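Taken together, the values in this text are just the output of simple stated rules run on the coordinates, not laboratory data. This is a predicted model, so every value here is computed, not measured. As a convention, Cβ positions derive from the backbone with ideal geometry for all residues, glycine included, and neighbour counts pool all protein chains shown.
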Amino acid sequence: MGSTIRFKRPDGKDVDGYLAEPAGGGTNAPGIVVIQEWWGLNDQIRGVADRLAAAGYRALVPDLYRGKLGLKAEEAQHLMDGLDFADAASQDIAGAVAHLKSGGSAKVGVTGFCMGGALTLLSAVLVPGMDAGVVWYGYPPLEYIDASKIKAPLMAHFALEDEAFPIAKVDALEKKLRDAGTQFEFHRYPAKHAFANEEADSKGLAMLKYDAALAEHAWNRTMAFFDTHLKH
């Protein structure tokens, strides 16, 4: 189990977050910043951080909504619409990366789901200290991605039946990264949006569907990727 901490953004403002560390303490363990879905910093995303801690990482989830949660889709949409994505990436997420590095993590990755996937891509552009990134079924408007600034290797998991983030734009994103010489690998799954969120089916939205087998497959790929780029 982790705990709530407070850390500094580059501009000096404070942000709360949920920090989970490996058993026995996380001194010198690599770090991963975990970015929430549009629902906010809820128990499900804390569970992702706990799972990463069990795998030997210091995992920090910045509270992008400042304590607010979206329990219904309308609430989550409202909170997401009110979020300044550039500020979240360049300040909240950059601050989280710096906090993990100051705490002893030599290398720090970023991973995010849905809205958090889009923010992971933005962070690859805006956060120089990011050492690797794993994107889960989200992307920002492609014009906001200056691929020439991306130095960290990336992995991404996309759903072929995703209504929120159409797969056709993934092809355009892939071309943009390839043309810039970015180190990346994309995986496409026969699934709907949020296929790796074990609470997806409880949300009452037809566009969401959990797939345990595909989620495990994507998770194993993710852990192998992070182990390669953050533990060595």
* Pop out the ³J(HN,Hα) list for the stretch 104-113 in order, Karplus 6.51 cos²θ - 1.76 cosθ + 1.60 with θ = phi - 60°, rounded to Hz; leave Gly and Pro as x. => x, 7, 5, 10, 9, x, 10, 9, x, 10
* **Derived scalar couplings ³J(HN,Hα) [the stretch 42-59; Karplus, 6.51 cos²θ - 1.76 cosθ + 1.60; whole Hz; x for Gly, Pro]** => 9, 5, 4, 6, 4, x, 4, 4, 4, 5, 5, 4, 5, 8, x, 10, 8, 10
* Asked: Over all Cα pairs of the stretch 40-116, how is the pair count split among 5 Å bins, expressed in % and running from 0 up to the last occupied bin?
  -> 3, 13, 24, 25, 18, 10, 5, 1
* **Y65 long-range amide H proximity, modeled H, under 5 Å** => L41
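What does the extension gain come out to for E74 and A164, with contour length at 0.36 nm per residue minus their alpha carbon separation? Spell out each step's value before the answer.
Numbers: separation 90, 0.36 × 90 = 32.40 nm, distance 1.44 nm.
Gain in length upon complete extension: 31.0 nm.
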* Asked: Using a Gaussian network model of the chain with C-alpha springs under 10 Å, which one of G103, G24, G67 is most mobile by mean-square fluctuation?
  -> G24
* Calculated [θ] (222 nm, deg cm²/dmol) that DSSP helices of n ≥ 4 give over the chain, each run adding -39,500 (n - 2.57) -> -10000 deg cm²/dmol
* What net charge is computed for the residues neighbouring P128, neighbours being all others with C-beta under 12 Å from the C-beta of P128, Lys and Arg scored +1, Asp and Glu -1? -> +2
* To do: Considering only DSSP beta bridges where both residues belong to the stretch 3-230, give the percentage that are antiparallel (nearest 5).
  => 30
* **Residue of A196, A168, A89 that the Gaussian network model of the chain assigns the largest fluctuation, springs spanning Cα pairs under 10 Å** => A168
* Can you work out the base-10 log of I(q)/I(0) for the stretch 104-232 at q = 0.12 1/Å, using the Debye formula on its C-alpha atoms alone? -> -0.43
* Structure fact -> Relative contact order of the stretch 111-199 (C-alpha contacts under 8 Å, at least 6 apart) in percent is 28
* Asked: How large, in Å, is the stretch 1-72 by the Kirkwood hydrodynamic radius built from its alpha-carbon pairs?
  -> 12.4
* Amide H of V33: which non-local residues (sequence gap of 5 or more, or other chain) have their own amide H closer than 5 Å, using H built in the peptide plane? -> L60, G109, V110, T111
* **Sequence-separation-based contact order of the chain, relative, with Cα cut under 8 Å and 6+ spacing, percent** => 16
* Can you give the Rg to Rh ratio of the chain, both from alpha-carbon atoms, with Rh computed by the Kirkwood formula? -> 0.93
